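The structure appears right after this line, and notes come after that.
The values are calculated or read from the model by the stated rules, or taken from the named source; none is laboratory data. Quantities reported herein were computed from a predicted structural model and do not represent experimental measurements. Reconstructed Cβ throughout: ideal geometry from the backbone, glycine too, with neighbour counts over all protein chains shown. Quick note on the areas: whole protein, heavy atoms, side chains included, nothing else; ligands and nucleic acids left out. Shrake-Rupley method; radii C 1.70, N 1.55, O 1.52, S 1.80 Å.
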Amino acid sequence: MNAPLFGFDNSYARLPEHFFARLSPTPVSKPELVQVNDDLALQLGLDPALLRSPEGIEILSGNGLPADAEPLAMAYAGFQFGGWTPQLGDGRAILLGEIADQAGCRRDIQLKGSGRTPFSRNGDGRAVLGPVLREYLVSEAMHALGVPTTRALAAVTTGEEVFRERALPGAVLTRVASSHIRVGTFQFFAARQDIDALRQLADHVIDRHYSIARESERPYLALLEAVIDAQASLVAAWKLIGFIHGVMNTDNSSISGETIDYGPCAFMDTYHPGTVFSSIDQQGRYAYANQAPIAHWNLAGLAQTLIPIIDADNKKSLELAQQTIDTFPSKFERAYNEGASKKLGLETSETDDVLLMTDLLDTMADQHADFTLVFRRLSGLDVEPGPEDDTVRELFDDPAAFDAWARRWRARLKRQGGDPSLRRERMASVNPAYIPRNHRVEEVIRAAEDHGDLAPFYQLHEVLRNPYHEQPEHIAFQTPPRPEEVVRATFCGT
Ligand code: AMP
Ligand code: MG
């Protein structure tokens, strides 16, 4: 094969050898293309036609390597459901290399499901088609929704079976990230008291993601602050669209502030703060409303790893790290409340605004209202009550519960004044009509895994490209599941 060049420049591969293991993907028997993300390919300066070509499919399946790739599996550790695992690492993923996208940002190109690595432990290094499609759909939907996330550049099937609770079709996802460095990457070196490595990793991250921290008097403290900012706004964004990550272990918590590792993730239909989907989250540790406290806990773990390098005086380091980590809750609240005000169409600020949102949510929880539809349809309501109110009222078990809240909301809108159509437009631009509803994702997975039918995948993917625009021909994709369609548990699919 005439291996094409991707234009890789692999900064991670230039870090010390104990940061990773160098190895190539394991070839697969019969790769077939599922999808190439043309828009993303172009953004990355890659030729979509090349990716779709036989040479491209060889690369996307791990059967061939771009000539300038320096493939490696990254080492990391992690707290999984609160329990410490000193060595995790890329057990089924291989970083091919890094390229500069059209905006000049460095992006990782990684194959997920590409075979065993020294970090595989008991795993087979493979991925199943269903979870690959879920990650493709949900990560691309998150991007379209405006939430920082890793992206999906391509998916291929391998022609091989992967054995889980039964034999399932294997697949490889090509994932793109600003970087794959996790809180768990820092924890890997901290646990080994490898201070040199920690400093090198921190310097790498500063150069790559937070160069402004370099100018600070204490760059590693500034780095911590920057990661806290990024995670606070990320988790606020999740909460504002009803997203539940599902496995917020420190190894799934990205330093760049992107959503990473789409396992048993899901969007809520009916609003309830305690919602959990993941089949492995028996205690509800990663329930919807726990996500901010968990992000705080994860970041405290990051802070701890940085103590040896923040200041020469350990006591001073500890004090500074503690002060910095204590800012998370207020940063999160600020980001969340700003977003909540936008969801309600509020453009001025009043002391009771937070209460207006929490009271609506409490009512929605009591009345089993659909999270996404309430906000979307609220966006269409006039400042005066009218017949279209019924589109929202009908979402509540007892519509009168909404009426009481709506009176307060309308009084608030009147106090702020302004152009009502502009207000509606702005609300519609933050309250999506289309989310990857779990029953739809499940439908896609069943069709693909059980019948080799990818049509539902292509269709759902298309709908989710424009989540904030009404698509009258796809109105059915807005509606919540019927009782028999409700998906109660999601699986990692590892
Ligand atoms: P995850 O729950 O997907 O974030 O994975 C946690 C850890 O398990 C990571 O180190 C993964 O690389 C590893 N892992 C997950 N699935 C597999 C698999 N099928 N084979 C090998 N390692 C895996
Ligand atoms: Mg992971």
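Just a few scattered comments:
- From the options Glu140, Glu161, residue that is in contact (Cβ under 8 Å) with a residue 60 or more places away in the chain and away from ligand 2 (no atom under 16 Å from the Cβ): Glu140
- Residues satisfying the stated conditions in segment 104-119, i.e. farther than 13 Å from Thr26 by Cα and either open to solvent by less than 10 Å² (accessible area, probe 1.4 Å) or free of Cβ contacts under 8 Å to residues at least 24 places away in the same chain (or both): Gly104, Asp108, Ile109, Gln110
- Test: residue in segment 332-347 that is farther than 20 Å from Ala226 by Cα, of a type in the set (Lys, Arg) and touching a Pro at 6+ places or on another chain (Cβ under 9 Å): no
- The residue of segment 263-287 that is nearest to ligand 2 (Cβ to nearest atom), among those that are of a type in the set (Phe, Trp, Tyr) and open to solvent by 10 Å² or more (accessible area, probe 1.4 Å), is Phe277.
- Gly125 being touching a Gly at 6+ places or on another chain (Cβ under 8 Å) and surrounded by fewer than 24 Cβ atoms within 10 Å (Cβ to Cβ): yes
- Scanning segment 77-103 for residues that are in contact with an Asp or Glu (Cβ under 8 Å, 6 or more places away or on another chain), farther than 22 Å from Asp38 by Cβ and open to solvent by less than 20 Å² (accessible area, probe 1.4 Å) yields a total of 4.
- Residue in segment 255-275 that is more than 26 Å from Glu443 (Cβ to Cβ) and within 16 Å of ligand 1 (Cβ to nearest atom) present: yes
- Of the helices (runs of 4 or more DSSP H) that lie entirely inside segment 1-67, not one contains 1 or more residues that are in contact with a Gly (Cβ under 8 Å, 6 or more places away or on another chain) and under 30 Å from Phe186 (Cα atoms).
- Among the residues of segment 76-135, those that are farther than 25 Å from Asn298 by Cβ, assigned to a loop (DSSP other than H, G, I, E, B) and within 15 Å of ligand 2 (Cβ to nearest atom) comprise Gly113, Gly125.
- Long-range neighbours under 7 Å by Cβ, at least six apart or interchain, first residue surrounded by fewer than 20 Cβ atoms within 10 Å (Cβ to Cβ) within segment 418-444, second part of a helix (DSSP H, G or I) and modelled with pLDDT under 95: His439/Glu485
- For segment 281-301, the criterion of being outside any loop (DSSP other than H, G, I, E, B), touching a strand residue (DSSP E or B) at 6+ places or on another chain (Cβ under 6 Å) and either acidic (Asp, Glu) or within 16 Å of ligand 1 (Cβ to nearest atom) (or both) is satisfied by no residue at all.
Okay, residues lined up against (1) more than 21 Å from Thr259 (Cα to Cα); (2) assigned by TED's automatic domain parsing to the domain that holds Ile244:
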| site | (1), (2) |
| --- | --- |
| Gly146 | no, no |
| Glu160 | yes, no |
| Gly170 | yes, no |
| Asp203 | yes, yes |
| Tyr210 | no, yes |
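- Test: residue in segment 36-54 that is crowded, with 22+ Cβ neighbours inside 10 Å, touching a residue at least 60 places away in the same chain (Cβ under 8 Å), within 16 Å of ligand 1 (Cβ to nearest atom) and of a type in the set (A, V, I, L, M): no
- Top-ranked residue in segment 305-354 [being of a type in the set (S, T, N, Q) and in a loop (DSSP other than H, G, I, E, B); ranked as surrounded by the fewest Cβ atoms within 10 Å (Cβ to Cβ)]: Thr351
- Segment 393-405 residues that are on the phi < 0 side of the Ramachandran plot and β-branched (Val, Ile, Thr), paired with ones that are open to solvent by 50 Å² or more (accessible area, probe 1.4 Å) and modelled with pLDDT of 95 or more (beta carbon under 9 Å, 6 or more apart): none
- Scanning segment 198-236 for residues that are closer than 19 Å to Thr150 by Cβ, open to solvent by 30 Å² or more (accessible area, probe 1.4 Å) and of a type in the set (S, T, N, Q) returns a single hit, Ser233.
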